[in-house]
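Asker: First the structure, then my questions, so here it is.
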Amino acid sequence: MEKDKESPSNDLDEETLFIVSQTFKALSEPTRIRILHLLFSGEHSVNDIAESLGLLQSTVSHQLRFLKNLRLVKFRREGTTVFYTCDDEHVMDILKQTIEHARH
């Protein structure tokens, strides 16, 4: 039986499938969504994020590590302070569209 050449799954290798599933996993957790949503407005320190969202700094750091490993956020250090920004406009666009859809 010949596989359908139009099927999008033909083009998905294991690495691509893993990255896509991890991206959706990142966007399926409410705390990570809140953090990314806050980062829409620009760069924020870990302390700023924790204070703005009413979360523990350890919780924010844990979630940012997950997002950083997926390259959804990037960071820079200034002394002992770490600042985070969005690092993947494609995923941020998906998140923005999904938020708009939910509010519609």
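Asker: Mind checking which residues of segment 71-104 are closer than 21 Å to Phe24 by Cα, surrounded by fewer than 17 Cβ atoms within 10 Å (Cβ to Cβ) and among the hydrophobic types (A, V, I, L, M, F, W, C)?
Answerer: Ile94, Ile99, Ala102
Asker: Considering only residues of segment 44-70 that are farther than 24 Å from Gln22 by Cα and of a type in the set (D, E, K, R), which is most open to solvent (accessible area, probe 1.4 Å)?
Answerer: My answer is Glu51.
Asker: Which pairs do you get when a residue that is farther than 16 Å from Thr59 by Cβ, found in segment 30-48, comes within reach of a residue that is open to solvent by 30 Å² or more (accessible area, probe 1.4 Å), reach meaning Cβ atoms under 6 angstrom, with the pair 6+ apart or on two chains?
Answerer: Glu43/Phe83; Glu43/Thr85
Asker: Among the listed residues Ser45, Ser7, Ser52, which satisfies the condition of being at pLDDT 95 or above, farther than 22 Å from Lys96 by Cβ and not aromatic (Phe, Trp, Tyr)? Quick ask: steps written out before the conclusion?
Answerer: Details: Ser7 fails: at pLDDT 95 or above; Ser52 fails: farther than 22 Å from Lys96 by Cβ.
Among Ser45, Ser7, Ser52, only Ser45 is at pLDDT 95 or above, farther than 22 Å from Lys96 by Cβ and not aromatic (Phe, Trp, Tyr).
Asker: Scan segment 16-43 for residues that are touching a helix residue (DSSP H, G or I) at 6+ places or on another chain (Cβ under 8 Å), β-branched (Val, Ile, Thr) and open to solvent by 30 Å² or more (accessible area, probe 1.4 Å) and jot them down.
Answerer: Within segment 16-43, just Ile33 meets the criteria.
Asker: State whether one or more residues within segment 85-96 are of a type in the set (S, T, N, Q), out of contact with any strand residue (DSSP E or B) (no Cβ under 9 Å at 6 or more places or on another chain) and in contact (Cβ under 8 Å) with a residue 40 or more places away in the chain.
Answerer: So far as segment 85-96 goes, no, none of its residues is of a type in the set (S, T, N, Q), out of contact with any strand residue (DSSP E or B) (no Cβ under 9 Å at 6 or more places or on another chain) and in contact (Cβ under 8 Å) with a residue 40 or more places away in the chain.
Asker: Please go through segment 49-64 and give me each residue that is free of Cβ contacts under 8 Å to residues at least 12 places away in the same chain and assigned to a loop (DSSP other than H, G, I, E, B), ordered by number.
Answerer: Once the filter is applied, which keeps residues that are free of Cβ contacts under 8 Å to residues at least 12 places away in the same chain and assigned to a loop (DSSP other than H, G, I, E, B), segment 49-64 yields Gly54, Leu56.
Asker: If the Cβ limit is 8 Å and pairs must be 6+ apart or interchain, which residue in segment 2-18 that is within 26 Å of Leu70 (Cβ to Cβ) pairs with which residue that is surrounded by 10 or more Cβ atoms within 10 Å (Cβ to Cβ) and at pLDDT 80 or above?
Answerer: Leu12/Val20
Asker: Further, regarding this structure: Need the failing condition index for Leu67 against (1) part of a helix (DSSP H, G or I); (2) out of contact with any strand residue (DSSP E or B) (no Cβ under 9 Å at 6 or more places or on another chain), just the number.
Answerer: Tallying (1) part of a helix (DSSP H, G or I); (2) out of contact with any strand residue (DSSP E or B) (no Cβ under 9 Å at 6 or more places or on another chain), Leu67 fails exactly one: (2).
The values are calculated or read from the model by the stated rules, or taken from the named source; none is laboratory data. The structure presented is a predicted model; accordingly, all values stated were derived computationally and were not measured. Note: ideal-geometry Cβ built from the backbone for every residue, glycine included; neighbour counts use all protein chains shown. Quick note on the areas: whole protein, heavy atoms, side chains included, nothing else; ligands and nucleic acids left out. Shrake-Rupley method; radii C 1.70, N 1.55, O 1.52, S 1.80 Å.
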